[in-house]
Amino acid sequence: MKAIAYTQYGPPDVLHLQEFAKPTPKDNEILIKIYATTVTSADWRVLNLDVPFGFGLISRLVFGVSKPRQPILGTELAGEVESIGKNVRNFKVGDRVFALTGIRMGCHAEYQCMPEDGAVALKPPNLTYDEAAALSFGGTTALDFFRRANLQPGEKVLVNGASGAVGSAAVQLAKHFGADVTAVCSTANLELVRALGAARAIDYTTEDFTKNGETYDIIVDTVGTAMFSRSKNSLKEKGRLLLVLAGLPDILQGLWVSVTGNKKVIAGPADERAEDLRFLASLAEAGAFKPTIDRCYPFEQIAEAYRYVGTGRKKGNVAIGLEHHYKT
Ligand SMILES: NC(=O)c1ccc[n+]([C@@H]2O[C@H](COP(=O)([O-])OP(=O)(O)OC[C@H]3O[C@@H](n4cnc5c(N)ncnc54)[C@H](OP(=O)(O)O)[C@@H]3O)[C@@H](O)[C@H]2O)c1
C-alpha cells in the first residue's frame, strides 16, 4: 500500500510517498480501506517534535529518541471495512466507518487495521468521508475535558481558540450540553464561531477576555495563552480551567491550585473512547454536531496540508482525500 512516511523529524519536506506491505487484520481486527484522513495539530507536533515546554524528553521517549519509531503519521480516518478477523462480531465487510488511532498514528496510508473494540464506529450517513474523518480528534478531546469538568446545563463556558479543531468542537458540544458559550478568536473567525453556537464572540485582537470583568464556570484554553495566572479572575468560585494545551510549569501550577484552592485546573491528554466516537456520530446524524472543514487536499499534496496546519491558523480541520485512488 501507499503511505506518507517520514524517517527523520523536521519540516514537511521530510515527508515522502512510500510503499509498505498491506496490513493483515488479526483475529480481533478489521482492515479499513481509507477514503479520507486529516492533518491535525498533533501530526504537526510529532512531525517536528514541536511540543509544549517541558515535554521534549517524554515526547522523544514515546515517538522515538533520534528518529521516528512510527514512520506513518495521521490520527484520524474514515473509510470502508475491506476484511475482518475471524473473531470480529461488531463489524462486517463493507461497513463505512471512522476511527481515531491516537498516538499509534498510521492513518496517512491507504489501509489501517483497528481492533473491533478500539476507537472505531460506523460513519454517520449524512457526513462525507472528509467530514467523518474529522469527527474524532477535536470532538473526543472536547468531550473528555467537559466530562472531567462535569459541565452542567446553564453554565457559562468560554472557549479560547474557538476556531481550531478542538475549539470548534468545544463550542458546538458546550452549546449542545446547554451551556452559554463565549468564543475567543481572531477577527476573521467571529462569524464562524457564532454560527457554531457561541452566544458571544470576543476578538482577541481588540479585547482581552481576562480584563472585561466577565466570569465563567468553565474556561477552555486550546491556545496556551489562558493559563491560571492569567485566567483566575475570570473564573467563578468553583470554576474549572481546562488546559487542553499547556506547558509543564502551568500544569504543575494547576495541580497545586486544584489541591489548595476552590478553583480547579484540568490538564493532560484526552481519553480516546469508542463510546465517544459513537456519541459524536449520533450527534452528527441528528444534525447537532458537524466537524468544521477548512481545506481538503489530495493525498499526494499532504506536505502542503502540513504547511498550512503549521501556521496554527486553520479553521477547524484540514482533510486529506484518498477516495480518488479507488475510482480509477
Ligand atoms: N490535551 C490533549 O489531549 C490535546 C488533544 C488535542 C489537541 N491538543 C492541543 O491543543 C491545541 C489546539 O489544537 P487544535 O487542533 O484545535 O489546533 P488548531 O486547529 O491549529 O487551532 C488553533 C487555533 O488557535 C487560534 N489562535 C491562535 N492564536 C490565538 C490567540 N492568541 N487567542 C485565541 N486563539 C488563537 C487560531 O485561531 P485564529 O486564526 O482565530 O487565531 C486557531 O484556530 C494544540 O496545541 C494541540 O497540540 C491537546
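Nothing in this text is a laboratory measurement; each read-out follows from the coordinates by a stated rule. Predicted model only: the values in this text are computed from it and were never measured. Virtual Cβ from ideal backbone geometry, glycine too; neighbours counted across all protein chains shown.
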Next on the checklist: How many angstrom lie between the Cα centre of segment 1-21 and the Cα centre of segment 187-208?
Outcome noted: 37 Å
Next on the checklist: If you split all Cα-Cα distances of segment 138-267 into 5 Å bins from zero, what percentages do you get per bin, shortest first?
Outcome noted: 2, 12, 24, 26, 21, 10, 3, 0
Checklist entry - Relative to the Cα centre, what is the charge dipole magnitude of the chain, using +1 at the beta carbon of each Lys and Arg, -1 at the beta carbon of each Asp and Glu, and rounding to the nearest 20 debye? => result 480 debye
Item to check | Relative packing of 88-99, 106-117, 299-310, which averages over residues the other C-beta atoms within 10 Å, highest first | outcome: 106-117, 299-310, 88-99
Checklist entry - Percent relative contact order of the chain, based on C-alpha pairs within less than 8 angstrom and at least six residues apart? => result 20 percent
Checklist outcome for this item: Mean Cβ-within-10 Å packing, highest first, puts peptides 14-24, 219-229 in the order 219-229, 14-24
Item to check | the chain - Debye-derived log10 I(q)/I(0), Cα point model, q = 0.10 Å⁻¹ | outcome: -0.57
Checklist outcome for this item: Protection proxy (average C-beta count within 10 Å per residue), highest first, orders 164-173, 261-270 as 164-173, 261-270
Next on the checklist: Once you keep just the Cα pairs under 8 angstrom separated by 6 or more residues, what percentage relative contact order results for segment 168-326?
Outcome noted: 15 percent
Checklist outcome for this item: Any residue on another chain or 5+ positions along whose placed amide H is under 5 Å from the amide H of E214 is listed here as none
Next on the checklist: Antiparallel versus total DSSP beta bridges in the chain: what percent is that, nearest 5?
Outcome noted: 50 percent
Checklist entry - Which lysines have a Cα less than 29 Å from the Cα of K26, not counting those fewer than 8 places away in the same chain? => result K2, K67, K86, K92, K123, K327
